[in-house]
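Rule-based calculations on the coordinates, nothing more; no lab input. Because the structure is predicted, anything quoted here is derived from the model rather than measured. Positions of Cβ are generated from backbone atoms using ideal geometry, with glycine treated the same way; all protein chains shown enter the neighbour counts.
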């Protein structure tokens, strides 16, 4: 059980955008990380931990903000729901060049 679940329920879903690499010098992927955290520093720490756990060697995070409502489309809708349930949800996509 997550000891912070009571605190997390009081905070909105945070979204962090950036780029990730599976291996150093490899091809970048765009990333959106959704989670609930008490502050930006905690959100960044949780996001970086989750990305490392998923095998990403490098991450470059660009922006952080609060979601303004539930997304309409997948995969962001599922990621948002996962964040509300206490997960750190990661959505990757091809980085435009």
Computed from the coordinates I sent, volume of the Cα convex hull per residue in Å³ equals one of (i) 121; (ii) 165; (iii) 98. Tell me the label. (iii)
Taking the chain as the reference, fit the longest principal axis to its C-alpha atoms, fit the long axis of helix 40-53 to the helix C-alpha atoms, and give the angle between the two in degrees, 0 to 90, nearest 10. 50
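How far, in nm, would the chain grow between residue 24 and residue 95 when pulled straight, counting 0.36 nm per residue and subtracting the alpha carbon separation?
Details: separation 71, 0.36 × 71 = 25.56 nm, distance 1.57 nm.
Length gained, residue 24 through residue 95: 24.0 nm.
Treat the count of other C-beta atoms within 10 Å as a stand-in for reagent exposure and order 15, 64, 90 from fewest to most. Each step should come with its number before you reach the end.
Values: 15 24, 64 17, 90 21.
Arranged by neighbour count, lowest to highest, 15, 64, 90 become 64, 90, 15.
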As a footprinting exposure proxy, order 60, 87 by other Cβ within 10 Å, with the fewest listed first. 60, 87
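Could you compute the FRET efficiency for residue 74 and residue 39, with r as their C-beta to C-beta distance and R0 at 30 Å, rounded to 0.05? Could you put the intermediate results ahead of the total?
Values: r = 29 Å, r/R0 = 0.96.
Here the calculated transfer efficiency is 0.55.
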Taking the beta-carbon count within 10 Å as an exposure proxy, list 35, 77, 51, 84 from fewest neighbours to most. 77, 84, 51, 35
